[in-house]
Every structure is written in C-alpha cells, then in structure tokens.
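Report on the structure given below.
Taken together, the values in this text are just the output of simple stated rules run on the coordinates, not laboratory data. Keep in mind that this is a model prediction, so the values were computed, not measured. Note: ideal-geometry Cβ built from the backbone for every residue, glycine included; neighbour counts use all protein chains shown.
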Amino acid sequence: MARRPVAATPPKKEGPRINQDIRVPRVLLIDEHGEKQGVMPTEAAIEAAVEAGLDLVEVSPNGDPPVCKILDYGKLRYAEQKKKAEARRKQKTQDIKEIKMRPNIDTHDYQVKTRAMTRFFEDGDKVKVTLRFRGREMAHQDRGMDVMIRVKEDFAAIAKVEFEPKLEGRQMTMVLAPR
C-alpha cells in the first residue's frame, strides 16, 4: 500500500508580516511620514506602499483593525539587528571567582588573597571562598570558621554574604557578592 504524500507546513517567518503576508481585510494605515491615514482595505494600503516605493509592515497585529505602517523593511530589520547587538555588548556577565585558603593561613598570604578578592569585587564578580582542611586540621574547624568570619568582616563594606560558611566534607565554602 503506497503512502499518500503529506504537504509540508510552510516555514514560520520571524518578525512582523509584510506586504502580501498581511491577510486581514482592513488595516489602520500610517504613512511613511508617521501620519495616520485611517482604516482602509489591505489591498489599497499595499498599493499606497508600492507607490511610495516602500513596504507595508504590520506594526501592531493585535489591534482592531491591525495597525500597518509604510516603511523600508530592510532598514527596519537592520536597525533591530543593531539594537540587539548593542544590548548584547552592554550586557555584563557575572563570573564566580574562587579563592582557596587554609585554616592556618599566614598574614601575608591572607593579604595577597584579600587584594585579589578586592580586584574581583571591583570588576563586579562574585567570590567563592574555599577553605580546605587536611589531615588533623579537621579537629580544628573553629580555626577555619575564624578565618571565614575574618574574611566576612574585612569585606563587609564592599561585599555581602550570599551563602554563609558551611562545611561540606573536608572543605568549608562561602560565597560573597559585590554590593
């Protein structure tokens, strides 16, 4: 038994409908100068757009009747692409930087780590402070908590604690975010 071929559905177009794609009987027309021309048949609106050498673009399809504007569709798409690219360029992604410490960290090592953290906060990044316990250091978890509290107090002015220090296995973690 032979199968009957099924008609493929036409591809869905992105963006507003233009010219012949507008399938409503009447539209509210705005001309190329931005002046309202009133409600008219779609065919007449398309003819007006062709006379102006431009396209009829459906600006507001949900209106009653839908609002259509005479403009250059190529220029409209180009402007929209530029706007999207500009928005992407201005977008700032926030990274999580990690600083690793030990419970018995020396003062100079601590200062080096805090300078790096300050730089990360100035760049607008979050910082995950990881304190690793080795061997018998697990017996002195209070020392680790003291280091975490010291970090929290040192950065109280420029950062807020997102996740309080908590012990997971052999390491204690805390996340700070810039204010």
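Residues whose amide H comes within less than 5 Å of that of Asp55, counting only those at least five positions distant or on another chain, are Leu71, Asp72, Tyr73 (H built at 1.01 Å from N in the peptide plane).
Count charges around Lys113 for me, please; just the other residues with Cβ under 12 Å from its Cβ, Lys/Arg as +1, Asp/Glu as -1.
+2
Counting only residues at least eight positions apart within a chain, or on another chain, the aspartates and glutamates with an alpha carbon under 19 Å from that of Lys36 are Glu47, Glu51, Asp55, Glu58, Asp64, Asp72. Length gained on full extension, Glu86 to Arg136: 12.6 nm, using 0.36 nm per residue less the C-alpha separation. In this structure the amide hydrogen of Glu32, modeled in the peptide plane, comes within under 5 Å of the amide hydrogens of Ile70, none closer than 5 places in sequence on its chain. So I have (1) 20.7, 70; (2) 31.3, 87; (3) 20.8, 64, and one of them is Rg and Dmax of the Cα atoms in Å calculated from this model. Which one is it? Recomputing Rg and Dmax of the Cα atoms in Å here picks out (2). Candidates Met148, Ala52, Pro103 compared by Cα position along the dipole of the chain: farthest toward the positive end lies Pro103, with charges placed on Cβ. Within the same chain, lysines fewer than 8 places from Lys13 are excluded, and of the rest, those with a Cα less than 18 Å from its Cα are Lys75.
Of the options Pro61, Val6, Gln37, report the single residue whose Cα projects farthest towards the positive end of the charge dipole of the chain (beta-carbon charges: Lys, Arg +1; Asp, Glu -1). About the Cα centre, the residue reaching furthest to the positive side is Val6. Pairs exceeding a 23 Å alpha-carbon distance, out of Lys113/Lys152; Lys69/Lys90; Lys100/Lys160: Lys69/Lys90.
For the range 19-89, the Cβ-based charge dipole about the Cα centre amounts to some 580 debye (Lys, Arg positive; Asp, Glu negative; other atoms uncharged).
Listing Thr9, Thr118 from fewest to most neighbouring C-beta atoms within 10 Å gives Thr9, Thr118.
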